[in-house]
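Everything below concerns the one structure shown next.
The values are calculated or read from the model by the stated rules, or taken from the named source; none is laboratory data. Note that the coordinates shown come from a computational prediction; the quantities given were computed from them, not determined experimentally. Positions of Cβ are backbone-derived with ideal geometry, glycine not excepted, and every protein chain shown enters the neighbour counts. Ligands, DNA and RNA are stripped out before the accessible areas are found, and what is left, the full protein with its side chains, is counted by its heavy atoms. Shrake-Rupley method; radii C 1.70, N 1.55, O 1.52, S 1.80 Å.
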Amino acid sequence: MIVDRQGRRFRNLRVSLTAACNYACTYCVPDGKRLVAAQDELSADALARGVAYLVEAAGIERLRITGGEPLVSPRLEAFLAAVGKLGLEDISLTSNGQLLSRKLPLLRDAGIRRLNISLDTLDPLAFRRIARGGDLASVLAGMAQAHAAGMAIKVNMVPMRGQNLDQVMPMLEYCLAQGYELRFIELMRMGHLARDRNAFVQQFVGLEQLLALIGQAHAYEQAPRALDATALRYRIPGKGHFGVIANETVPFCRTCSRLRLSSTGWLHGCLSSSNRHFVGDLLDKPRHQALPALQRLLVKALADKQDQAFSGDVMVMKVIGG
Ligand code: SAM
């Protein structure tokens, strides 16, 4: 097992199935152009072999499939079939939910029981302004169908001043009523926001402000969470839970156990680092050749993790896999 001086190791793997996305969210893509798949994206088999090798070399226990938008990838079905055989503790998926209704049978049959759906507003106009693609009604319908099919739904919302701050309470009430767990993600200094400090500061909404807003309507208390969880969790007695991923206010770097594999075969040990390590060529090699080389790269990827706090990076989330 590869462990660093702070006792951190890789436990959770996020695989970006494709860089392509059917949205172009303002905080993720600066120019509003939807990203297309990279030409050199790996096959479903190669990516799944990457997961299998990382389970062995790094002790990965849990897999989250992300993107880009994983539901637009033609590799989804084959990838799910391959990773389903690896005996992982948990396989979950992060999606914008636009194609959820259509892909639900596939996800259900593959044994996916937990979904994180990114949704920043319940206002259809604001939705179009922020996501620059898709439509709100399809997302809400997809979530309701998935929930009715027995899946646990977490909703990820990035609150931003001037964009959707007025949606914090409507989103919370909606999620509590539907039985979804809402998680507010503090805006991260990724991509263009790492370069444009003003744009970041103007929009940023932090933990304290969120809790003050929520506290006006609900009594809440802190709820237990896993040691390496990214979200602070709160319980509103009798109503449900919500969470805050407070990258800026309460950084979780010291307990971070995440590793990312991009659709083009790069390992990223830290969102806050431009360092990445190419493993695409190793995935065609037999296990006995691939594992020692992979282990050397994993040591480097673990050393890329920040000591204390998230500092941001110019890498675009869609490319690394959010
Ligand atoms: N397309 C999928 C989705 O929408 O969930 C997966 C990829 S998306 C990049 C993953 C998550 O990253 C989304 O919840 C999105 O809101 C979040 N994200 C992207 N850029 C961000 C930023 N600058 N700050 C905070 N969250 C960000």
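Summary of computed values
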| quantity | calculated |
| --- | --- |
| For TYR27: the one exception among (1) more than 15 Å from the ligand (Cβ to nearest atom); (2) modelled with pLDDT under 95 | (1) |
| Selection within segment 1-21 - modelled with pLDDT under 95, open to solvent by 30 Å² or more (accessible area, probe 1.4 Å) and in contact with an Asp or Glu (Cβ under 9 Å, 6 or more places away or on another chain) | GLN6 |
| Filter result for ALA212 (surrounded by fewer than 19 Cβ atoms within 10 Å (Cβ to Cβ) and over 18 Å from the mean Cα position of the chain (by Cα)) | yes |
| Output for segment 278-292, where each listed residue is in contact with an Asp or Glu (Cβ under 9 Å, 6 or more places away or on another chain) and surrounded by fewer than 18 Cβ atoms within 10 Å (Cβ to Cβ) | ARG287, LEU291 |
| Complete set of residues in segment 183-199 that are part of a strand (DSSP E or B) and either closer than 19 Å to GLN209 by Cβ or free of Cβ contacts under 8 Å to residues at least 40 places away in the same chain (or both) | ARG183, PHE184, ILE185 |
| Qualifying residue in segment 268-277 (condition: touching a helix residue (DSSP H, G or I) at 6+ places or on another chain (Cβ under 9 Å) and assigned to a helix (DSSP H, G or I)) | no |
| Set ILE60, ILE65: member being within 18 Å of the chain's Cα centre (by Cα) and more than 16 Å from the ligand (Cβ to nearest atom) | ILE60 |
| Qualifying position, being within 14 Å of the ligand (Cβ to nearest atom) and either more than 23 Å from ALA229 (Cα to Cα) or in a loop (DSSP other than H, G, I, E, B) (or both), among ALA37, ALA78 | ALA37 |
| Selection count, segment 129-159, where residues are in a helix (DSSP H, G or I), of a type in the set (Val, Ile, Thr) and under 22 Å from ILE91 (Cα atoms) | 1 |
| Members of segment 174-197 that are modelled with pLDDT of 95 or more and not charged (D, E, K, R) | TYR174, CYS175, LEU176, ALA177, GLN178, GLY179, TYR180, LEU182, PHE184, ILE185, LEU187 |
| Residues of segment 252-270 satisfying the condition of being over 24 Å from ARG49 (Cβ atoms) and buried (at least 18 other Cβ atoms within 10 Å of the Cβ) | PHE252, CYS253, CYS256 |
| Count - residues of segment 245-286 that are more than 25 Å from LYS154 (Cβ to Cβ) and in contact (Cβ under 8 Å) with a residue 12 or more places away in the chain | 16 |
| Residue that is nearest to the chain's Cα centre (by Cα), among those in segment 118-128 that are in a loop (DSSP other than H, G, I, E, B) and more than 21 Å from ALA246 (Cβ to Cβ) | LEU122 |
| Pair list, Cβ under 7 Å, 6 or more apart: segment 204-227 residue closer than 15 Å to PRO170 by Cβ, other residue modelled with pLDDT of 95 or more and among the β-branched types (Val, Ile, Thr) | LEU210/VAL168; LEU210/VAL244; LEU213/VAL168; HIS218/ILE236 |
| Qualifying strands (runs of 3 or more DSSP E) (wholly inside segment 206-255; at least 2 residues being within 16 Å of the ligand (Cβ to nearest atom)) | 240-245 |
| Of all residues making up segment 155-199, the number that are open to solvent by 10 Å² or more (accessible area, probe 1.4 Å), within 13 Å of the ligand (Cβ to nearest atom) and farther than 17 Å from LEU125 by Cα | 10 |
